[in-house]
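First comes the structure, then the notes that go with it.
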Amino acid sequence: METILTMVPPLPIFIKASSALFPKGEVHFRREFDIFVLLFVTKGTLYMEESGTDIPIGEGEYFILAPYIEHAGSKPCEEDTEFIWVHFTFSSPYSLVEERKIDWSNIIKRKSTFMESDLYNLRLPRFGSFSRKDQPVNLLERLLKINESNEPAERMKQQIYFFDIIIQLQKNALELPSNAQNIATQCIQFIHLHYREDTFRVTNMAHELLYHPDYITRAMKKTIGMSPVQYLNHCRLMKAKELLQQDYVDLKTISNEVGFTDVSYFSRVFKKKEGITPGEYRRTTFANNMKQQK
């Protein structure tokens, strides 16, 4: 089954959602839309076909109808069937591609800096199921409940809730082997304990944890989309940003505190990640704090 490939941000746009009941014997009508339609079945089986391909959607399963492709019911419902439909579109261009396995390394395109946002390659399988039906049901029911409100502020929340659903679909689609998750968790804990050490080496961590360095790298990329070195620098820079908010701590001290022996190298790594130098970050942070206090 195809995967929808697109980039976020900008985020997908929610249009409309509702629930439906097809009594036994009813067939979905034939049509072609210029938007996406998410169908999630909560009871029974909805028999659909798209471009001549039969797609039965059972309880706890979903299917995303694509724009400009004719779809219709393939046969009558064999029992009373309940489902939720959501109309939406994408702000970014999209494509339908064939993919089998995806992980977070396929999703994360760019980590955020002080000047640029995170950027993700959203990869949504058009067909899928949930081991726990309550997860998508709770999210979808929250979305539908706002239909009853006439308050603009409440209805604006539907965009937020819809993206929560998109995230859940993405998370559900990721194939994360439990062994890789366990290894990544061990590495993350190890890095949090030792990131301040300027002698930190991935090979040393691998030796301590009894894994091959390449195996550790693959496990972390699959699980969090970052290599051990990338996550190490992430931890160091997060702590550095905390210290930079204290104007009495000089850059050399901060550099040493977070594991960089060379303050020039620390500044280069910081600017590459955040888009500005540590000094510029400090001045910008203080200026923003002063504005908030006024």
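The alpha carbons of the chain stretch over 74, 54, 30 Å along the principal axes, in descending order.
Counted by Cβ distance under 14 Å from Ile160, the other residues give a net charge of +2, where Lys and Arg count +1 and Asp and Glu count -1. Taking amide H positions as modeled 1.01 Å from N, with prolines and chain starts lacking one, the residues under 5 Å from Phe90 and 5 or more places away or on another chain are Ile13.
Do any of Lys145/Lys241; Lys101/Lys157; Lys109/Lys241; Lys222/Lys273; Lys24/Lys145 go past 29 Å between their Cα atoms, and which?
Details: Lys145/Lys241 41 Å; Lys101/Lys157 32 Å; Lys109/Lys241 23 Å; Lys222/Lys273 21 Å; Lys24/Lys145 26 Å.
From the list (Lys145/Lys241; Lys101/Lys157; Lys109/Lys241; Lys222/Lys273; Lys24/Lys145), the Cα-Cα distance tops 29 Å for Lys145/Lys241; Lys101/Lys157.
FYI, it's all coordinate maths here, none of it is from the lab. Predicted, not measured: the structure shown is a model, and the values here were computed from it. We place every Cβ from the backbone using ideal geometry, glycine too, and count neighbours over all the protein chains shown.
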